[in-house]
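Remarks on the structure that follows.
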Amino acid sequence: MEKHYDSVGVGNDNPAQTSRRARRRERIRRLVIWIVMLWVGLTKPLKFLRKIYPYKIRELARSWDYKMLWTYVFSRGKRVFMDQNCVMKDPPTFQPLIKTRAEWQFTEEDIRTFYRDGFIGPITLWTPEEMVEIRRKVDSVMERQSKVYPTAQNQYRDRYIDAPEFWEVISMPQLSERLAQLLGPDLLVWRSQIFNKKSGDPEITWHQASTYMAEQKVKATLEPARLNQLFQLTTWIAIDDAYFENGCMHFLKGTHRKMWSMRLGGSGFIGNPPEVAKIIGGQGRFAKSSGLTLEVPITEDMIVPMPLKSGQCVIFTERCIHGSPPNNSPNRRFGFVFRTIRTDVQVYRGETIHEVTYLKEKYNLDNWGCAQLRGEDKYHLNRMIQPPAYQDSELAAASTSK
């Protein structure tokens, strides 16, 4: 939905003519997209046609269901789903899917609460004393260039692949054992991200994901065996204290039950009363730059702040709408997430380059792969990597630093 105007050939026109031409090109672009959406909606049952479609139209027909397509078509392109349409149902039982040590064991009520709200936390993982060494190790990762995406602007993405310090933290059993109680015994890590939110950095506005289809807009990044089942979890770990003033996470509890739509334009004030939308600095918008307003009737009781002490985490489904205020403190808000899937989920099917359109970034997947966090991979759907290990010299250095 973002506007990208091609200025080639109009440099000598006056501003009024340039503006008119830009608006005309944008209208034509939107009309072409609308026609494509209409065509895909009308021909979606004819799967044999997909063999002759160009790549993007073929993937559009595969990833967009009728509700998504007709929402876009009948609104004339003014309403669109935030991600692939799905619902999240309760499991047959709220019993944990594995048994583990008593101090890591969720109760049936814990899991019932997770399915009601969409998140569970804060969970204490490490003491302040233990966090001194963990902080040093994770800080050291930021000082090294990524071997995963060496040419990308984002050097903090997927460092579980090349940084043993990072893998050492996320593979600790107090994390994997808790995730397995919600997802099952066989788990893969497919993505991670370091978040170093410095003083003065802006908000991250309300957003939601299921299969990360919004990254390429036409194709789902994750393809689970059962779309309406819980198949992925995100773990957000606080390296430093996270609190309201430095931009801690906020959730809209209960919004994970379905995927929400957005509309083009609007004021962004979607709260009830509208002022509650201001709690997150983007005035309730999913992405201010795109001019889209999330169609969720936010009430004050839905907004749950998640302050975390250093060494605590929150586990949540990305389907639960979340965001964070700007960092208005003098301190950084430093933490990281890693994302875990069941082994029956396929990632980046058929891709060698993964494009994230809203970041205007492309990631070469030559060095990417999933890492086995727990259990075994019975499906073999994804490229796998061996988790990074310390070299002898690194082990000696780590021992000396203690």
Note to self: Tell me the mean residue ellipticity at 222 nm calculated for the chain from its helices only (DSSP H runs of n ≥ 4, each -39500 (n - 2.57), averaged over every residue, nearest 500).
What the structure shows: -8000 deg cm²/dmol
Next item on the list: Extending each Cα 7 Å along its Cβ direction at K309 and R116, get the distance between those two points in nm, one decimal.
Entry: 2.5
Notebook entry, point to check: What is the sum of charges around E355, taking Lys and Arg as +1, Asp and Glu as -1, for the other residues whose C-beta is under 13 Å from the C-beta of E355?
Noted result: +1
Next item on the list: Enumerate the aspartates and glutamates that K360 could reach by cross-link, defined here as Cα to Cα under 13 Å, with residues fewer than 8 away along the same chain left out.
Entry: E2, E215
Checklist line | Identified option (computed Rg/Rh (Cα atoms, Kirkwood Rh); candidates (i) 1.05; (ii) 1.11; (iii) 0.97) | finding: (iii)
Margin query: Could you compute the net charge surrounding T255? Neighbours are other residues with a C-beta less than 13 Å from the C-beta of T255; K and R count +1, D and E count -1.
Written below: 0
Notebook entry, point to check: Where in the chain are the helices, taken as whole DSSP H runs, whose Cα atoms extend 15 angstrom or more along the long axis and whose Kyte-Doolittle mean reaches at least -1.0?
Noted result: 15-43, 128-142
Check: Rounded to the nearest 20 Debye, what is the dipole magnitude of the chain about its Cα centre when Lys and Arg each give +1 and Asp and Glu each give -1 at the C-beta?
Finding: 2400
Margin query: Sort 216-223, 34-41 by packing, meaning the average of other beta carbons within 10 Å per residue, with the highest value first.
Written below: 216-223, 34-41
Check: Counting DSSP beta bridges in the chain, what percent are antiparallel, to the nearest 5?
Finding: 95
Next item on the list: Just add up the charged neighbours of A225: K/R +1, D/E -1, any other residue whose Cβ is under 9 Å from the Cβ of A225.
Entry: 0
Next item on the list: Sort out for me the Cα centre separation of the range 292-311 from the range 62-119, rounded to whole Å.
Entry: 17
Check: Taking amide hydrogens as modeled 1.01 Å from N in the peptide plane, which residues meet the under 5 Å criterion relative to R191, leaving out close sequence neighbours?
Finding: R339
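Here, each number is a calculation from the coordinates, and none is a lab measurement. Just so it is clear, the structure is predicted and the values come from calculations on it, not from any experiment. When we count neighbours, we look across all protein chains shown, and the Cβ atoms used for this are built from the backbone with ideal geometry, even at glycine.
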